[in-house]
Amino acid sequence: MNLQVSAIFLLAMAAATAIWLVPKARALDVMACSTLLVLAAFSWPTAVWLLAAILLCWAALKAGERGTSRNLVAASLCVILLTAFVAAQFTSGILWLGASFFTLRLLHVAGEWWTGRLTAPSLPALLRYQLFLPVLVIGPIHRLPHFERQATRRRWDNATYFSGLERCLIGFVMAHFLGDVVIGRIAVRADYWTQGLPEFLGTWILSAIGWARLFFIFAGLSAVALGASLMAGLRLEENFNKPWRAESLLDFWNRWHMSLTSWSRDYAYKPVMALTRSPLVGLIAAMLVIGLWHDMSLYYVCWSFWQALGIVVSRQAGKLVPVASLPRPFAAIVVPLGILAWLSAARPVISLLLGVDHDPANALF
């Protein structure tokens with residue numbers, strides 16, 4: 001687990017503890033200042049980009065409410081935000097902290113404002129929303145209305161604070177001990193054991209181990225983020241819901257990185273499906289968002305189509321042999337293994353067909 005990420009989470013827990021000592025009305029302002037100090041220490045270019053994006057979003061939405069064309073404002077803002085995000089992906093030598101998360105949060109605000117479900121937030125409200133330290137580097141991609149409700153209801157509660165602290169500790173164990181140490185060592189040994197196997201099979205096995213490791217690291221860090229948020233008095237959206245108990249590949253994606261999946265459903269799948277009247281096209285668009293959000297590369301374009309194909313195949317298989325018709329112990333083992341097999345097959349299949357591989361350090365295996 002990256003030491004910088006660990007340090008940021010520890011600072012978030014410290015800030016969550018400290019804000020109980022200040023008046024309720026100023027607590028999230030203290031958290032926002034802590035975030036700016038962290039960004040200044042670890043990546044000042046990210047601080048500049050984030051503050052500029054927040055100011056741009058606030059000014060654009062205010063202009064839209066003063067009479068400027070709503071469609072023009074929303075479209076222009078989204079194009080600028082996406083252009084900046086894409087450009088950052090091809091900028092070498094600069095550490096961008098949480099850019100993929102805060103970009104989608106701002107796009108969420110723009111989208112909800114455009115549809116009329118959200119009024120233009122004030123600048124302090126937008127700053128507090130985007131500069132909430134616990135979710136800076138790992139999410140979830142929480143929604144502004146829910147965040148505002150939680151901020152309004154926030155109050156001191158010993159049980160809530162210690163429940164959040166407990167979740168942070170469990171998350172650190174999942175990410176650092178189980179993910180980094182235990183499965184990390186298994187991955188190193190598996191790399192040696194698979195050297196005599198056919199390349200396709202060896203890559204498939206290593207990819208499957210990578211997915212297991214990713215689960216413990218990602219779910220563990222998400223637990224730390226949500227635990228630190230709870231320590232600060234805010235109960236944000238969950239990011240994982242026992243994904244390995246899923247009954248299909250679609251069910252898996254509805255349980256895995258749920259804040260990203262729900263974002264893709266609301267702002268990619270539904271609009272594209274409404275425009276094309278094709279659920280399949282909407283599905284491909286949503287998976288492309290999920291894939292390219294992690295890395296702008298040909299590999300993840302292919303990965304997105306592979307996962308969309310898997311959802312279609314899984315749905316048809318479920319019609320032929322419903323999971324409910326299978327013996328429960330059998331289904332509890334076979335279905336998760338089938339899902340893992342499909343997920344991890346993406347890397348060897350794409351590598352074999354196109355000769356395109358990816359960096360295993362990326363967020364998806």
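Tabulated results
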read-out: Enumerated helices (runs of 4 or more DSSP H) restricted to the range 174-263, each holding at least 2 residues that are under 20 Å from Gly291 (Cβ atoms) and modelled with pLDDT under 95; value: 199-231, 249-255
read-out: Residue among Ser122, Ser163 that alone is within 18 Å of Arg235 (Cα to Cα), modelled with pLDDT of 90 or more and either among the charged types (D, E, K, R) or over 21 Å from the mean Cα position of the chain (by Cα) (or both); value: Ser163
read-out: Residue satisfying all of: in the range 136-146; within 16 Å of Ala53 (Cβ to Cβ) and crowded, with 21+ Cβ neighbours inside 10 Å; modelled with the highest pLDDT among these; value: Ile141
read-out: One residue from Leu95, Leu107 being over 17 Å from Ile141 (Cα atoms) and assigned by TED's automatic domain parsing to the domain that holds Ala47; value: Leu95
read-out: In the range 86-110, the residues that are buried (at least 17 other Cβ atoms within 10 Å of the Cβ) and free of Cβ contacts under 8 Å to residues at least 40 places away in the same chain; value: Ala88, Arg105
read-out: Boolean, Ser262 is among the polar types (S, T, N, Q) and either closer than 15 Å to Leu107 by Cβ or in contact with a Cys (Cβ under 8 Å, 6 or more places away or on another chain) (or both); value: yes
read-out: Some residue of the range 156-170 being basic (Lys, Arg), within 20 Å of Ala15 (Cα to Cα) and surrounded by 13 or more Cβ atoms within 10 Å (Cβ to Cβ); value: yes
read-out: Test for Pro45: is it out of contact with any Pro (no Cβ under 9 Å at 6 or more places or on another chain), modelled with pLDDT of 85 or more and of a type outside the set (A, V, I, L, M, F, W, C); value: yes
read-out: Pick from the range 64-77, criterion crowded, with 17+ Cβ neighbours inside 10 Å and of a type in the set (A, V, I, L, M, F, W, C), ranking: farthest from Gly98 (Cα to Cα); value: Val73
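The values are calculated or read from the model by the stated rules, or taken from the named source; none is laboratory data. This one's a predicted model, so the numbers in the text were calculated from it and none came from an experiment. Methodologically, a virtual Cβ is constructed for each residue, glycine included, from the backbone with ideal geometry; neighbour enumeration extends over all protein chains shown.
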